[in-house]
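Visitor: Sharing a structure, written as structure tokens. Questions coming.
Computed from the coordinates by the stated procedures, all read-outs in this text should not be read as laboratory data. Given the structure is predicted, the values throughout are model-derived calculations rather than measurements. Positions of Cβ are backbone-derived with ideal geometry, glycine not excepted, and every protein chain shown enters the neighbour counts.
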Amino acid sequence: MSVYDRLLRPGDKNCVVTTITVTASGTVITSDEPNVFHWRMYLGLSMFPVVSRSKGVLLDMIPTNPPIGTLVVSSKDTASSRAHNKVELSIATVGSPTVAQIVQLFIEKGMHRYNFDDTGSGCLYWTATGIQHLQDARLVESGAVSKLWTFHMDQAARHPGRHPLPVRQGTFYWRVSFFHHWNCVYSCF
């Protein structure tokens with residue numbers, strides 16, 4: 001499994017997510033274009049009913065063994081990026097989802113199994129796919145995906161070097177282990 005969650009404080013799993021801040025900043029350098037922004041999501045946490053030291057949880061797909069990515073889930077002291085050179089879009093949640101529910105949805109939908117494209121790009125596509133899954137599950141505001149694409153197109157018009165078009169796409173992949181397949185066959189009979 002391609003999930004790294006050792007930086008997630010255990011108590012944060014049960015925190016309610018009040019907002020999702022989609023952030024793009026110049027924190028990752030791709031192989032041929034160092035000015036391209038990297039996209040990821042910050043889950044803003046409610047302090048009730050669970051009290052946490054964290055104000056946010058970062059969901060970040062990063063190329064750890066290019067082109068293979070790893071979903072990094074980590075607790076943060078802020079609910080958005082501290083980068084100086086960034087753009088952010090806030091998306092409201094619906095129905096008080098928890099961090100655990102969102103991470104579980106991402107795993108169920110295969111969001112943790114992602115290969116970046118040949119240039120090391122594809123984080124916006126990954127992020128937009130995640131917002132689509134959240135919208136389909138009615139965990140974020142209606143129209144969140146359209147809001148994200150409109151935001152991206154506006155940023156691309158302002159700063160084409162940071163937000164290249166067409167949007168680069170990585171690929172999601174599925175692995176079925178023999179053990180999982182065997183258990184399914186065995187338990188089905």
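Visitor: Excluding residues on the same chain fewer than 8 positions from K55, give the lysines whose Cα lies under 25 Å from its Cα.
Guide: Within the straight-line limit of under 25 Å, K55 reaches these lysines: K13, K76, K86, K147.
Visitor: Suppose the chain between V50 and F172 were pulled fully straight at 0.36 nm per residue; how much longer would it get relative to their current alpha carbon spacing?
Guide: 40.6 nm
Visitor: Only counting other Cβ atoms within 10 Å, I'd like D117, D12 sorted with the fewest neighbours first.
Guide: By the 10 Å Cβ count, ascending: D117, D12.
Visitor: Take the Cα of I107, step 7 Å along the line toward its Cβ, and report every residue of the range 161-175 whose backbone nitrogen sits under 18 Å from that point.
Guide: 173-175
Visitor: What are the radius of gyration and Dmax of the range 3-188, computed over its Cα atoms and given in Å?
Guide: 16.7, 56
Visitor: Normalized C-alpha radius of gyration of the range 60-137, against 2.2 N^0.38 Å? Spell out each step's value before the answer.
Guide: Values: Rg = 13.4 Å, N = 78, 2.2 N^0.38 = 11.5 Å.
For the range 60-137, the normalised Cα radius of gyration is 1.16.
Visitor: Here's another thing I want to ask about it. Determine, for Y4, Y173, the number of other Cβ atoms within 10 Å of each Cβ, and report the residues in order from fewest to most.
Guide: Final ranking by Cβ density, sparse to dense: Y173, Y4.
Visitor: With the cut-off at 1.5 for a/c, could you classify the range 1-94 from its C-alpha gyration tensor as rounded, prolate or oblate?
Guide: oblate
Visitor: Fewest Cβ neighbours within 10 Å first, please rank R158, R113, R9 accordingly.
Guide: Final ranking by Cβ density, sparse to dense: R158, R9, R113.
Visitor: What FRET efficiency would be calculated for the residue pair R6, K86, taking the C-beta separation as r and a Förster radius of 30 Å, to the nearest 0.05?
Guide: 0.75
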